[in-house]
Amino acid sequence: MRRVAFSAGLLLLAILIQLIVLDNLRLPGGTGPDLVLVVVVALALTGGPVEGMLGGFCAGLALDVAPPATHLVGQYALVFCLIGYAAGRVGSHLDESAWVPICVVAVGSAVGELLFALTGMIFGNPDITWSAVGHVLPASVVYDVLLSPFVLYAVVRARALATPATAAQGLASFPGGS
C-alpha cells in the first residue's frame, strides 16, 4: 500500500509540474521535456512492468483529461501504459552501468513521442504531421535525456525513503547506486 501511495504521489507531482511549469516554457525546438513520461519510465525501471504499466495508464489518463487537452481521451494512457510496461521489462535486465537507464529513457521518450504521433494520425488529428514530428522529436528526446539522471536519482532516493527496510538493497541493486 505504501508503494502505491508513493508512486501515485510522485506521478501527481510530475503531472502538476508538467502542466503548470514545463508546458508553459518557451524552449528551443518548439517543445519541452515530458517529465511525466520520464517519471513513468523511472518508476517502471525501479518497480517492474506491472507498476510501470499501471502508473503509465493512470498518469496518461490524468493528462488526457487535464485541460487544455486537444487530443482524444485515452491517447496518453495507451502510450504511457505501453512505455511503462516495456521499460519495466527492460528494467529487470539492467546491468551495472549507469548509462543503460538513461538509454532506456531516451528510447522510451522517442518511442512514446512516435506512438503518440501515430495514434494521433490514425485517429485523424490534423495538427500531427510527419514534418512536425521530425521537427519536435529530436528536441523532445534531448530534453528528456537531460532530465533523466535527476529524475532517476530522485525516484531511487524517494523509493528508498518510502521503504526504509529495503533502502540499502534498492540503492545497491539500481545501476550506479551506492
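The values are calculated or read from the model by the stated rules, or taken from the named source; none is laboratory data. Model, not experiment: these values are computed from the prediction. Methodologically, a virtual Cβ is constructed for each residue, glycine included, from the backbone with ideal geometry; neighbour enumeration extends over all protein chains shown. When the accessible area is computed, the model is the full protein with side chains, heavy atoms only, and any ligands, DNA or RNA have been set aside. Shrake-Rupley method; radii C 1.70, N 1.55, O 1.52, S 1.80 Å.
Brief remarks follow.
- Kirkwood estimate for segment 30-126, i.e. one over the average of 1/r between Cα atoms, Å: 13.3 Å
- If R0 equals 25 Å, the separation of the Cβ atoms of Ala69 and Thr129 corresponds to a calculated FRET efficiency of about 0.80.
- Net length gained if the chain between Ser92 and Thr163 were fully extended (0.36 nm per residue, minus Cα distance): 23.6 nm
- Averaged over its residues, segment 25-172 has an accessible area of 50 Å² per residue, based on protein heavy atoms and a 1.4 Å probe.
- Between the Cα long axis of helix 35-47 and the first principal axis of the chain there is an angle of about 30°, rounded to the nearest 10.
- Ranking of Cys58, Cys81 by solvent-accessible surface, largest first: Cys58, Cys81 (1.4 Å probe, protein heavy atoms only, all chains present).
- Hydrodynamic radius by Kirkwood, which averages 1/r over all alpha carbon pairs of segment 70-113, in angstrom: 11.3 Å
- Surface composition of the chain: carbon plus sulfur atoms contribute 73% of the solvent-accessible area (1.4 Å probe, protein chains only, all chains present).
- Measuring max minus min along each principal axis, the C-alpha atoms of the chain give extents of 51, 31, 28 Å (largest first).
- The chain, helix-only ellipticity at 222 nm - DSSP H runs n ≥ 4, -39,500 (n - 2.57), divided by all residues, nearest 500: -25000 deg cm²/dmol
- Rounded to the nearest 10 degrees, the inclination of helix 99-122 to the longest alpha-carbon principal axis of the chain is 30 degrees.
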